[in-house]
Structure formats: C-alpha cells, structure tokens
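Report on the structure given below.
The values are calculated or read from the model by the stated rules, or taken from the named source; none is laboratory data. What you are looking at is a predicted structure, and each value in this text was computed from that prediction instead of being measured. Glycine also receives a Cβ, built like all others from the backbone with ideal geometry; neighbour counts cover every protein chain displayed. These area figures cover heavy atoms from the full protein model, side chains too; ligands, DNA and RNA do not enter into them. Shrake-Rupley method; radii C 1.70, N 1.55, O 1.52, S 1.80 Å.
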Amino acid sequence: MQPPLLDLERLATRLIVVGLAVLLNLYLFRFYRPAARGARWAAPGPKTERWAFAPLDLGGFSYAQLALVSVLGLFLELLMIRWISAEIPIFAYFKNFVLIACFLGFGLGCYLCRQRVNLLALLYPLGALVLLMKLPWYNLRELIASLAPQLGALSEVQVWGVPSLPLSWASFAGLLTAVAVIVPLFALIAFVFIPIGQLVGWYLENARQGIRGYTVNILGSLAGILLYTFLCFLYQPPAVWLALAGVMLVLFLWRLPRLRGTAAAAFAACAALATINPWAGSTIYWSPYQKLTLSPLRLQTGDTVGYILNTNDSWYQQILDLSPQFVASHPRLFERVNLALNPYNLPYRFYPHPPAVLVLGSGMGNDVAAALRNGADRVVAVEIDPLILDLGRRLHFEKPYASPRVRAVLDDARSYLQNSRDRFDLIVFSLLDSHTTSSHFSNIRIDNYVYTIEALEAAKQLLKPDGIFIVKFQVETPWIAGRLHGLLETVFGRPPVQLQSDYPTAAPGRFFITGSTERLAQAFADPAWAGYVQAHAGFATQPATLTTDDWPYFYQHEPGLPATVIVISLVLVLVCWLLMRSTGTVGRSIQWHFFFLGAGFLLLEAQIVSKMALLFGTTWVVNSIVISGLLLLIVAANAVVAWRPRLSVPGAYAGIFASLVASYAIPLERFFLPSLWVKALVATGVLCLPVFFAGIVFIRSFAAEGFRGEALGSNLLGALVGGLLESLSMWTGIRSLLVIAALLYLASWVALRREALVPHLAREAPEGVGTTAPA
C-alpha cells in the first residue's frame, strides 16, 4: 500500500494536470466560437489579434504556399503520431488515437477556412503537448506512465506490464481517471491541426485552377511523408523533427515578421524541451520504429559488463557477455548459475551443434552469439530494426554479427518466412514481439502476422524433417500460453513441450518446443535433463481463439471489441460532437455524401496497409510506399477527370464495387508470387484499385459542389469515423472491413442522389478540385 501522503500527491498532480488541460481547451474554444464567424475575417479577440492573420496577408493565393502548408501538415501529423505514441503509450489500446484527432482538427479547420487564422491557436496546444511529454516533473511522468495500466486493467487485451483486474469500483475509477486525462489530450491534438486545416481549405477554395491546386496539395502531402520517413531512417530525434517543422512554418509566415519570430521562438523552445533525457547515464536513440534507451551495466570497478535496452520506456532486451573468456575472468558473477541452463543456450540442449540456425528477432545478438558458441555452422539472423542491429554490431562483446558464419537480414519476420527458400535445422522465435501489443511497440501497424496459423505453416516449410522448432515467449497470462500451445499443435500435429526458464541473470521466458520426435527423444534420454524439464513444465493454460491472417490480434483473447476500445470510442465521439457544436459545425452542415466517402476511404486504407504489410513486411518503408501509392492513385484519378471531365460517376461507383468484390474474393495467398515486382504490381492493381475509382467520384462531386470548405470538412470528419470503425476488425476480421467499406460507399451514393448533386455531375465538371483528406 502507498503511504497516504504519496496518494495525496498523486491525486493533486492529476487534478492540476486535468484542470490546466481543461482550462486551456476552454480557452482555445474562444478562437473558434460561432460568434466569430459572422464576418468573413472576424477576429477571435483583441488581446490575440496581433497573432491573427488571413492568407491574404501573406500575398493571397500561391501554389508555393499551398505546397509548403501541405508538406507541413502531413509532416506534423506523422510527427505527432509517432512521438506521442512513444511518450504517452495510449496506442497500446487505441491505435488510431492521434490519427483521429488529426482528422478532426483538419476537418474543423476546413469548415472554418473563411475565418482568420491565429498562430497562438496552433502554438498553445502544441506547447502544452510537449510539456506533457517532456516536463521533468516526477509526479507528471508517473501520471503519464500510469495511464496504460489504468486503461488496460479492464481490457481483454494482454499488455506487457499491465495486470488484468476484475471489474470493481476501484478498477472502474482508475479507468475514469485515465479517461479524464485522455479527453483533454485528444482535444489538444485536434486543436493543433485546426489552423492547418483552415489554411489548406482556404488555398484550395481559392485555387484558380482547382485540379492543379489539388495535385500540388497531394504532392506536397507525399513530400511530407517522404521527408519524415527519410529523417526516421537517419535516426533523427524529435528535436530535429520539431526544428524542421518550425523552419517550414517560419518560411510560410515569412511576410509577417512578428508571426515568423513568434513561430521560430516557440518551435525552438519545443525542440529544446524535446532534448530532455530523464534517464541519467543513458543514451536515447530514435530508430525508424521506436524510442530506444540504452543504459550500460557497470561493476563497482567501473567496468561495463552489459547493456540494457528499453523501447518506449519499457524493458526490451540486454546485451550479455557469456563468452568463455569473460566467464573465466569473472567467476563471482557465475558461481551460482549453470551456464548450460541459460535461456540463450537452452535450445541447443535439444539440437547440439546444428548445421543451420534461423533466429527471428535477433536483436542485439545474444541468440546469435549463443548459436555460435554452441557450434552452429551457419546462422541467419533476422531483425526488423536497423538501429538495434547496428547497436548489436557495435556493442555486443562477443561480436556475433562480425562472424563469417552469420548472415544478418534486415526484414520483418513474417516477410522473411514467406519469401525465403532456405532450410534450417533449428528455428528460434526469440521473444519476438513478447513486449508488445498491436501498435504500442512500433507506432505503425503491427497486426502480428508472425503468430498466426499461416505464419507458422510458412516457418514449418523452412524446417528440415529432423529439425527442431522453438518459440521463446514472455508469457504473462495462461491464455497466451494456451494460444501458442494451440497454434503449434495445429501446425505440427502434436502438442509442444513447454519449459519455463527462470535463469537469474537473463530475461525469463517460456519455451515451446516441437519438431522432430526423434530429436526430442534423444534430448530426453539424459535423465538429468528430462528431470529439469519436468520440474519446469506443467503450467496452467487456457484456451484462446487461434490467430489467423484475417484475425491476427495475438494479444486479444477472443474476437470482440475490448471494453477499453468501446469506452474510448464513445468518449471520442462525444468530444468530437462537443468540438463541432462549440465551433458551430453542427450536423445540418455536414454533407453526407462526402462524409461517407471519407469513412469508406479510411477503411480501405486500413485494410490495404494491413495486407501489404503481410505481403511485403511491416516496415516503415512498406507503409510509406503504400500510403504514397494511394496518394498517387488519387492524382491519377484527378488526371483522368481533367482529361475526361464528364466521366461517368455511376461507372466509377461500379468500379468501386467490382474492385471491392475482387479484393474480397481473391485469397491473399494468391499474391505470394516469386517475383517481387510482379507481386507488387498484381497486389497494387487488385488491392488499391478501389481507391482510384473512389478518387474519381470524389473529384467529380467536389467539382459539382464548387470546391467549398464544407465538403472538405465533411470528407475529413467521415475519415475520422472510418478510423473508429476500423476497430471492428478486432471483432469481425480484416476482410470484413471491405464489406463495411462497400456499405459506406453505397451510403455515399444514396446521399449523393438525395443531396441533388447528380444533375450537376451530369454537366461538365468545373476546372478544379482539391482536398487534404481521403477521397
């Protein structure tokens, strides 16, 4: 039990943080109150008017300005998605949290695009978010860290380090406390993007040639994605991201000295705060996938004998030196342990001196070093994170990656299993994704295609007939053990051997061993070893739904919507409604045709990204290429409409539904073709084709509407709802998103006819269209 004084301090911290966040949100509402919308450029208030401006003050419409704000918008969106998810791990339970907030802000901004823009309305919420993430106040940091356990305690999703609690007043109060912090956080993120949406909406409404403006906007968005991805692969930290975003904003505001100076000072302060490192003696890195904190382990003599690596402030792995030379020179460190029982050495009790070993999730190299110490002739080490691989090359004491017997492969584990034609005597899944949920780990989509029936079938194909297959996993709940047991029994036709390692100087883990019955019998012929295994086996398991490529949610007990997802979704819907009501964006102004187009597109994008991740690997490169490809398809649709202005909208809808049926009907296994380029072309042609036809519908409709900001805003708000609906795949599977998307596009067609846009679409479309949103 915590001392009463400490509990009072925590309560006071929560009240202060929530109170200040609520007050700031209420203040930000003033910038967008309905009374300020009576005049075309009505000021939000006399005290803040010095920081208010209209695009006309920047010289009016300019393609260069449109391009710059488009780059800034996408760059800032990716920045916020990745940084907030690393520092405030709400993504462990609601993976679209920041994305939905961004769409809400962009959408509201489009509705308010004829209102004056105020720089403070962007800087205040941005500064508050940076302070929440980086202010070196211990009680605040503890509050942020407690959000995940409080949200996850009532969830049916297993999360690393989060206890599963029964429903009680105490656990429900903890959930409400976390929600009280999350709601103003969500609103602050949305407020950051309202000014961006205002600017983009104004420039697109005032483009002299709408199609050209639309193309500039899409290409600017594409440039923002590529720029951010490039910085990620240069391992640049958030301070650099913020500095570059600040440079773009300063350039955009260059004609207004007061505003550009304010923007420069604010972003410089945010970048300085981003450099704070709360972990004394540790080094923080930012890989393309996660925040990494590396801490040395030192003896009293000052000698470094290991390293601990945390990801997103959670323990992940460590570097150990188990070489004979180190063991001999430090006898006191190993006097009470049996090195043969070290979890890195255990696999070789089942297959001594294996000719070929595959290690999936090789990390910084402990499993690779163990394979070499135990006589492996050849080792293939697969690791997805290039920075972790680089740290292993530079820092591991045994230098396993420098051995000529080792081939390091930078790839997603499922991608390697699906595409490799190699064969192995021993395959080790080394704590692969043991500390993760569907997106908390990497801040991009990881639907965990590694632990599905199809993935293990692919792994079995790489195992030689007399080989041994081992899954080492950090089991926290009996049903996780039951799921792994069931998956391996289904694939290999017999139950695996379970063994729990509790070695004192290494990460504990549960071993699931299967493969050649002859090899297993040889291993258990040693009475001492058989006795050890028996003493460390016999664990309780619970049945769990087996994961497949269509339902790959490994950390969820069974199909359904977790209570946390339902609660957070309802809360976010309420917050969205309040924001729309407070800014005068009421239901009657929503154009439902565009709304349903946006919702359908988001579901299309979600399932396309998931399927492409399965085909090509869950990497930032794949995600960037897929999203970039979708943007280019929208540009292609735009070009087709420019060439054929009277292109049939009913025909485009027919194309949407026909391509959705094809995508649903063709099994994904058909796309696993030998040639990478053929696979990419065929998969893109089938899976992404609905986006092209949807783009045609949107462009024609937007042109008929006169390119008004309300249409853009409706499209973005629909995308917000599509982001919420994506969670339905946790209940019904990923393929079902295609059915839901088809229903949304059908609803958009019905709304199109009811809103009497069809007669306008029958005429030649005006020259122009544009949006920052999905089409």
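Summary of computed values
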{"quantity": "Pair list, Cβ under 9 Å, 6 or more apart: segment 626-645 residue outside any helix (DSSP H, G or I), other residue of a type in the set (A, V, I, L, M, F, W, C)", "calculated": "645/703; 645/765"}
{"quantity": "Unique match (being open to solvent by 50 Å² or more (accessible area, probe 1.4 Å) and under 18 Å from residue 134 (Cβ atoms)) among 236, 209", "calculated": "236"}
{"quantity": "Breaking point among (1) among the hydrophobic types (A, V, I, L, M, F, W, C); (2) farther than 23 Å from residue 388 by Cα; (3) touching a helix residue (DSSP H, G or I) at 6+ places or on another chain (Cβ under 7 Å), for residue 319", "calculated": "(2)"}
{"quantity": "Considering residues of segment 532-570 that are out of contact with any Phe, Trp or Tyr (no Cβ under 8 Å at 6 or more places or on another chain), assigned to a helix (DSSP H, G or I) and farther than 24 Å from residue 729 by Cβ only, the residue least open to solvent (accessible area, probe 1.4 Å)", "calculated": "532"}
{"quantity": "Test set (1) modelled with pLDDT of 95 or more; (2) of a type outside the set (Val, Ile, Thr); (3) under 18 Å from residue 469 (Cβ atoms); (4) open to solvent by 10 Å² or more (accessible area, probe 1.4 Å) - residue 376 fails condition number", "calculated": "(4)"}
{"quantity": "Any chance residue 712 is assigned to a helix (DSSP H, G or I) and at pLDDT below 80", "calculated": "yes"}
{"quantity": "Subset of segment 409-435 (residues that are open to solvent by 40 Å² or more (accessible area, probe 1.4 Å) and not in a helix (DSSP H, G or I))", "calculated": "410, 421, 422, 423"}
{"quantity": "Test set (1) assigned to a helix (DSSP H, G or I); (2) under 15 Å from the mean Cα position of the chain (by Cα); (3) modelled with pLDDT under 80 - residue 607 fails condition number", "calculated": "(3)"}
{"quantity": "Looking only at segment 643-675, and only at residues there that are of a type in the set (Val, Ile, Thr) and open to solvent by less than 40 Å² (accessible area, probe 1.4 Å), the one that is farthest from the chain's Cα centre (by Cα)", "calculated": "649"}
{"quantity": "Residue among 511, 524 that alone is aromatic (Phe, Trp, Tyr), at pLDDT below 95 and under 29 Å from the mean Cα position of the chain (by Cα)", "calculated": "511"}
{"quantity": "Matching residues in segment 335-372 - criterion: being free of Cβ contacts under 8 Å to residues at least 24 places away in the same chain and over 21 Å from residue 459 (Cα atoms)", "calculated": "335, 338, 339, 340"}
{"quantity": "So residue 120, is it at pLDDT 85 or above, open to solvent by less than 10 Å² (accessible area, probe 1.4 Å) and aliphatic (A, V, I, L, M)", "calculated": "no"}
{"quantity": "Number of the exception - residue 392 against (1) at pLDDT below 95; (2) closer than 22 Å to residue 285 by Cβ", "calculated": "(1)"}
{"quantity": "In segment 509-531, the residues that are open to solvent by 50 Å² or more (accessible area, probe 1.4 Å) and either among the hydrophobic types (A, V, I, L, M, F, W, C) or touching a residue at least 12 places away in the same chain (Cβ under 8 Å) (or both)", "calculated": "517, 518, 519, 521, 524, 525, 528"}
{"quantity": "Residue check for residue 34: closer than 28 Å to residue 724 by Cα and modelled with pLDDT under 85", "calculated": "yes"}
{"quantity": "Matching residues in segment 109-137 - criterion: being more than 24 Å from residue 266 (Cα to Cα) and in a helix (DSSP H, G or I)", "calculated": "110, 111"}
